[in-house]
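Just below is one structure, and these are the notes that go with it.
Every number in this text was worked out from the coordinates using simple rules, so none of it is lab data. Given the structure is predicted, the values throughout are model-derived calculations rather than measurements. Backbone-built Cβ (ideal geometry, glycine too); neighbour counts: all protein chains shown.
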Ligand SMILES: [Zn+2]
């Protein structure tokens, strides 16, 4: 599942291709919006909120979410695509570029005034200019019995953490993800670790994993064998979380 940093990076790549450019073509390959045509209009700006990407085009907004497998490609006009055409959900053309969103989990065209309906529920954005850690902690604490590993994934609490960074942030903060939110000694430190990891991932273009995906390998801090735990509260969610049982003592 792509995390906030993937979406942020996608937006950064898309901006030079689209912002301030007039659309010469707009092909939405989702039945409900197949007749929407924004060509002739100019893309005003591209913004991210958590894992959501919003392209503002006049009074319309193209709202997309990468979900599991989504990706954005930018091609010169006439170039061959590197993914099959049937996976394209939206194709936006300018005179200089063709931008294709493949396998997007959400593709919809909204009135700009409707944005709040799709992103209004989101908690503070870890990568946003208006990041508000106190608000994020207050939202996390509203459900004190919930395991913190699940609360961190809930985008209503704070937006941007996916399955990888919940494992990594809990490891950095030495918190077992099964710990109830109300029993985590320093939630501010925990989410600050998540923010730093996401920010580093954007800067370096890659993510060095401490525990995620490293089951049965030694902990980079204490050499104890890393364990993989099943932790999910919805059937569609990614389930596994990785911990060092010594660095992250189990809740009592
Ligand atoms: Zn350890």
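Compute the normalised compactness of the stretch 137-252: alpha-carbon radius of gyration over 2.2 N^0.38 Å, N being the residue count.
On the way: Rg = 13.2 Å, N = 116, 2.2 N^0.38 = 13.4 Å.
Relative to the 2.2 N^0.38 Å estimate, the stretch 137-252 comes out at 0.99.
Within a 10 angstrom radius of the beta carbon, how do 242, 102 rank from fewest other beta carbons to most?
Working: 242 25, 102 21.
The most exposed by this proxy come first: 102, 242.
Placing a label point 7 Å from the Cα of residue 131 along the Cα-to-Cβ direction, the residues of the stretch 181-206 whose backbone N falls under 11 Å from that point are 191-202. Compactness of the stretch 4-119 is given as radius of gyration and Dmax, 12.8, 37 Å, from Cα positions. Restricting the calculation to Cα atoms, the chain shows an Rg/Rh of 1.02 when the hydrodynamic-style radius is the Kirkwood one. Remark on the stretch 52-121: hydrodynamic radius 12.9 angstrom, per the Kirkwood mean of 1/r across alpha carbon pairs.
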